Structure formats: structure tokens, C-alpha cells
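The values are calculated or read from the model by the stated rules, or taken from the named source; none is laboratory data. The shown structure was predicted, so the numbers you read here are calculated from the model rather than taken from an experiment. Every residue, glycine as well, gets a Cβ built from its backbone with ideal geometry; the counts of neighbours run over all protein chains shown. Ligands, DNA and RNA are stripped out before the accessible areas are found, and what is left, the full protein with its side chains, is counted by its heavy atoms. Shrake-Rupley method; radii C 1.70, N 1.55, O 1.52, S 1.80 Å.
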Amino acid sequence: ETGVTQTPRHLVMGMTNKKSLKCEQHLGHNAMYWYKQSAKKPLELMFVYNFKEQTENNSVPSRFSPECPNSSHLFLHLHTLQPEDSALYLCASSQDAGAVYEQYFGPGTRLTVT
Amino acid sequence: RKEVEQDPGPFNVPEGATVAFNCTYSNSASQSFFWYRQDCRKEPKLLMSVYSSGNEDGRFTAQLNRASQYISLLIRDSKLSDSATYLCVVNIAGNQFYFGTGTSLTVIP
């Protein structure tokens with residue numbers, strides 16, 4: 001148990017649906033991250049929040065919309081996704097968004113877009 | 001060019017063997033380095049950070065070679081429980097973490 005939880009663990013949605021992924025960390029960290037992990041590809045960093053402020057958006061399509069209401073919670077709002085968006089979405093947190101801090105991952109949400 | 005490159009393997013080794021993985025990175029400004037392990041259908045978990053002077057944690061030894069831009073992970077006396085995918089992670093500046101595709105290890109009884 002790493003102290004980072006994600007819900008739901010599995011999600012199947014159609015291309016016209018709107019859904020949200022939730023992440024919560026119980027570690028007292030200040031930085032939170034969204035990653036996408038597709039088969040045979042490395043983890044791709046999507047968004048970074050530090051002290052609730054978004055500090056990175058790695059050219060992620062606007063159909064993915066993050067929200068960070070406080071340092072413990074992070075959401076990823078999904079709408080009009082494409083089948084190629086099917087992947088494992090991992091949330092992570094770290095003490096701060098600095099280079100030296102290791103990240104702790106949640107169990108992920110396995111998303112299937114039909 | 002990929003920021004981080006790893007040999008995907010798979011590495012199949014007998015119990016008790018010593019196995020080593022290398023990972024190369026392309027950006028000389030890289031600041032921090034980590035090894036994570038990821039079990040099948042699970043999240044990545046930190047195995048160890050990699051320090052400039054090299055560091056050891058039990059059966060695991062990590063080395064950093066800045067001149068050649070690679071990091072390595074050595075596992076001694078392999079256990080069945082070491083079977084996993086090992087991910088090399090490089091941080092270039094602040095928020096930018098780059099992951100390798102991972103090296104698959106299977107330890108055989």
C-alpha cells in the first residue's frame with residue numbers, strides 16, 4: 001500500500017461519454033502527476049501539479065482535463081475520447097515537484113474506450 | 001531519439017544468478033535517476049534512487065556513469081520474487097520525468 005489510491009480501477013466508456021478519474025494521496029505530498037501507460041510504450045507524463053498549481057501539460061489533447069482542488073486530490077476529466085486513449089492511467093505523488101524526489105504511484109485505472 | 005533507452009529483454013535467469021541491466025539517457029543535463037520495478041498489471045514501485053557515487057541496497061547495486069550517460073542495476077543472488085519489469089527513470093529538470101520501456105526479468109527455479 002503506497003498511500004495513493006485511485007478510483008475506479010477499471011472503466012469502460014464510449015466515445016461520447018464523459019467520465020472522471022479520481023486520485024487521492026495520504027502521504028502529505030505537495031506534487032501530483034497523471035501518467036498514461038500504453039502497451040509496449042514507456043510511461044508518458046501528462047500533467048503535473050505542485051501546490052495545486054498546474055506546472056506541466058505535456059501536449060495532452062484537450063479531451064483530457066485535469067483538476068486539482070487541493071494537494072491531496074487530483075482528477076482527470078475525460079470526454080469524447082478515442083479508442084487509442086485506452087490505456088492504464090496512473091496517478092503519482094511526490095514530496096515536491098523537484099528532481100530529487102521519488103514518486104509514489106497509485107494502482108491505476110485501466111481505461112477501455114469503445 | 002528517445003530520452004531513455006533500455007534493453008526490453010526478456011532476461012530469463014536461474015535462481016541465484018547475478019543479472020545486470022543497463023539504461024542509457026540522451027540528455028546530459030539529467031539530474032536524478034531512479035530504478036522502479038513493476039509487477040504484471042500493477043503500478044511501478046520505487047526500487048532505489050541512483051546516486052553519483054553508486055549505491056547498494058541488499059542484493060541490489062545501482063551505478064551512474066555520467067560520462068557515458070548510462071545507469072545500471074545489478075541484482076545478485078536472484079530470487080523468484082525478483083521477477084518483474086524494471087523501469088529506468090531519469091529526471092531532467094524539476095517536473096520532467098522520463099521512463100524507459102522497461103526490462104523484463106524472469107527468475108527460473
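Structure data summary
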item	result
Net charge, A:LEU11 excluded, C-beta distance under 9 Å - Lys, Arg +1, Asp, Glu -1	+3
In the B-A interface, the accessible area buried, summed over both sides, Å² (probe 1.4 Å)	1800
Charge dipole (chain A, unit charges on Cβ, about Cα centre) - positive-most of A:GLY3, A:GLN95, A:ALA39	A:ALA39
The range B:83-109 residues near the modelled B:CYS40 label - backbone nitrogen below 13 Å, point 7 Å along Cα→Cβ	B:83-85, B:105-107
10 Å Cβ neighbours from other chains, averaged over peptide B:95-105	5
Filtered GluC sites (Glu not before Pro), the range A:1-90: DSSP coil and at most 13 other beta carbons within 10 Å	A:GLU1
Computed magnitude of the charge dipole of the protein assembly as shown (debye, nearest 20; Cβ of K, R +1, Cβ of D, E -1)	500
Surface accessible to a 1.4 Å probe, per residue, for the residues of chain A, Å²	46
Within the accessible area of chain A (1.4 Å probe), percent carbon and sulfur	49
Percent accessible area from carbon and sulfur atoms, the range B:50-109, protein chains only, probe 1.4 Å	51
Relative packing of peptides A:27-39, B:56-68, B:27-39 - highest average C-beta neighbours within 10 Å first	A:27-39, B:27-39, B:56-68
Where labels lie 7 Å past Cα in the beta-carbon direction, separation of B:ASP57 and A:HIS79 in nm	4.2
1.4 Å probe, heavy atoms, protein only - residues of the range B:26-68 losing at least 20 Å² accessible area vs chain alone	B:SER32, B:PHE34, B:TYR36, B:GLN38, B:ARG41, B:GLU43, B:PRO44, B:LYS45, B:LEU46
Rg [Å, one decimal], Dmax [Å, integer] - the range B:59-98, C-alpha atoms	12.9, 36
Computed P(r) (all Cα pairs; the protein assembly as shown; 5 Å bins; percent)	1, 7, 15, 18, 18, 16, 12, 7, 4, 1, 0
Whole-angstrom Cα spans of the range A:1-46 along principal axes, big to small	36, 24, 19
Global size of chain B as Cα Rg and Dmax, reported in angstrom	13.3, 42
Proximal aspartates and glutamates relative to A:LYS22, as straight alpha-carbon distance under 19 Å, when same-chain residues fewer than 8 apart are discounted	A:GLU1, A:GLU44, A:GLU53, A:GLU56, A:GLU67, A:ASP85, B:GLU43
Whole-number percent relative contact order across chain B, with pairs defined as alpha carbons under 8 Å at least 6 apart	38
Estimated dipole of the range B:11-109 in Debye, rounded to 20 [Cβ of Lys and Arg +1, of Asp and Glu -1, Cα centre]	120
Relative contact order for chain A, counting Cα pairs under 8 Å that sit 6 or more residues apart, in percent	37
Cβ-placed point charges (K, R +1; D, E -1), dipole of chain A about Cα centre in debye, nearest 20	460
Computed Kirkwood radius, in angstrom, where 1/r is averaged over Cα pairs of the range A:1-113	13.9
Spatial extent of the range B:1-60: Rg and Dmax, with the Cα atoms as the point set, Å	13.4, 38
